[in-house]
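The values are calculated or read from the model by the stated rules, or taken from the named source; none is laboratory data. Since the structure is predicted, the reported quantities are computational estimates derived from the model, not experimental observations. Cβ placement follows ideal geometry from the backbone for every residue including glycine, while neighbour counts extend to all protein chains displayed.
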Amino acid sequence: MHLTDEQLNEYLDNETANRAEVKTHLDSCDECAARLSTLQALFVDLDSLPEVALSRDIAARFKPRPSLVPQLPRWLTLTASLQAAGALVALIVAIPFFSVMLPKVETPSFTTWFFEIQSLWTSWLDQLSTFNLPTFQPLPLPIMEMSTLFIALAIVSIIWIFGNGLLLRNRQS
């Protein structure tokens, strides 16, 4: 069995725990001794090379700079501010419409709602027992004019989509 390159490098660096065993193997194995002499010649050649200074310090790019405070890009701050302002304006515009519509909303009590669901269930069961296809009868909900609310939500959605489009846009173009 021959020595590995790692064992030979440890032997050259005087870092091997079993130096005597490696020396005994090198005395008896010509192939490992030749590999050791090749490694020694390589290290001698590497040590004879002149030191070359880098044209610029590459490590400086990867070192953290504690003096710099991380800041968001200006376009991102502006986009987030515009989104918040648009949402606030839409909320302010929608508040009067909510205050007008809320008194018109009649909420049934839990027992009334429960009895309506129970009567719908029994009517569906009756329709199934006569082999007719069941028809859907939605729960009675108050009907109110929602166009202004939809307009406000549409404006907020457009501003939101526009802002997120700016966030996701490729900045290299």
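Overview of values
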| item | result |
| --- | --- |
| Every residue from the range 141-173 that is at pLDDT below 55, farther than 16 Å from residue 76 by Cα and in contact with a Phe, Trp or Tyr (Cβ under 9 Å, 6 or more places away or on another chain) | 145 |
| Residue among 91, 72, 82, 76 that is closer than 30 Å to residue 160 by Cα, in a loop (DSSP other than H, G, I, E, B) and at pLDDT 70 or above | 72 |
| The range 34-51, residues that are charged (D, E, K, R) and over 16 Å from residue 9 (Cβ atoms) | 51 |
| Count of the range 15-60 residues which are within 48 Å of the chain's Cα centre (by Cα) and either modelled with pLDDT under 85 or surrounded by fewer than 10 Cβ atoms within 10 Å (Cβ to Cβ) (or both) | 17 |
| Every pair of residues 6+ apart whose Cβ atoms lie under 9 Å, when the first sits in the range 1-23 and is closer than 18 Å to residue 42 by Cβ and among the polar types (S, T, N, Q) while the second is at pLDDT below 85 and exposed (fewer than 11 other Cβ atoms within 10 Å of the Cβ) | 9/15 |
| Selection from the range 30-44 of residues that are within 14 Å of residue 2 (Cβ to Cβ) and either among the acidic types (Asp, Glu) or touching a helix residue (DSSP H, G or I) at 6+ places or on another chain (Cβ under 9 Å) (or both) | 30, 31, 32, 33, 35, 36, 39 |
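Residue-by-condition table, conditions (1) in a loop (DSSP other than H, G, I, E, B); (2) of a type in the set (Asp, Glu):
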position: 8; (1), (2): no, no
position: 11; (1), (2): no, no
position: 17; (1), (2): yes, no
position: 21; (1), (2): no, yes
position: 33; (1), (2): no, no
position: 37; (1), (2): no, no
position: 41; (1), (2): no, no
position: 47; (1), (2): no, yes
position: 54; (1), (2): yes, no
